[in-house]
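So the structure is just underneath, and the comments pick up after that.
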Amino acid sequence: MKRALAALALVLSSAGMAWAKTPKLLFFTKAAGNEHAVIKVTDGKPSLAQRIMEDLAQKNGFEVTHSKDGRIFTAEEIGR
């Protein structure tokens with residue numbers, strides 16, 4: 001997980017790009033059975049992974065939407 005987040009941060013921070021539209025990232029997490037601590041929402045507060053993604057988004061000019069609901073994977077929802 002840390003490697004994936006670090007790789008995303010590197011790509012975004014080294015880009016130095018001007019975007020015509022604000023890029024959007026869907027951050028989907030799902031656990032079957034044991035939910036790892038870094039993706040667990042506790043007391044209604046975002047998970048560690050979600051907070052990191054939101055921080056990267058703010059610093060690098062993109063929007064992040066987090067969901068644990070697999071029903072969002074429809075053509076209509078993905079096209080947003």
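Looking only at residues in the stretch 35-75 that are in a helix (DSSP H, G or I) and small (Gly, Ala, Ser), the one that is most open to solvent (accessible area, probe 1.4 Å) is ALA75. Pairs are defined by a Cβ separation below 8 Å, a sequence spacing of at least 6 or placement on different chains, a first member in the stretch 55-80 that is more than 14 Å from THR22 (Cα to Cα), and a second member that is open to solvent by less than 40 Å² (accessible area, probe 1.4 Å) and in a helix (DSSP H, G or I); the pairs so defined are HIS66/GLN50; HIS66/MET53; ILE78/ILE72. In the stretch 3-31, how many are more than 22 Å from ILE78 (Cβ to Cβ) and at pLDDT 65 or above? Qualifying residue count for the region: 1.
The values are calculated or read from the model by the stated rules, or taken from the named source; none is laboratory data. The shown structure was predicted, so the numbers you read here are calculated from the model rather than taken from an experiment. No Cβ is skipped: glycine too gets one built from the backbone with ideal geometry, and neighbour counts run over all protein chains shown. Ligands, DNA and RNA are stripped out before the accessible areas are found, and what is left, the full protein with its side chains, is counted by its heavy atoms. Shrake-Rupley method; radii C 1.70, N 1.55, O 1.52, S 1.80 Å.
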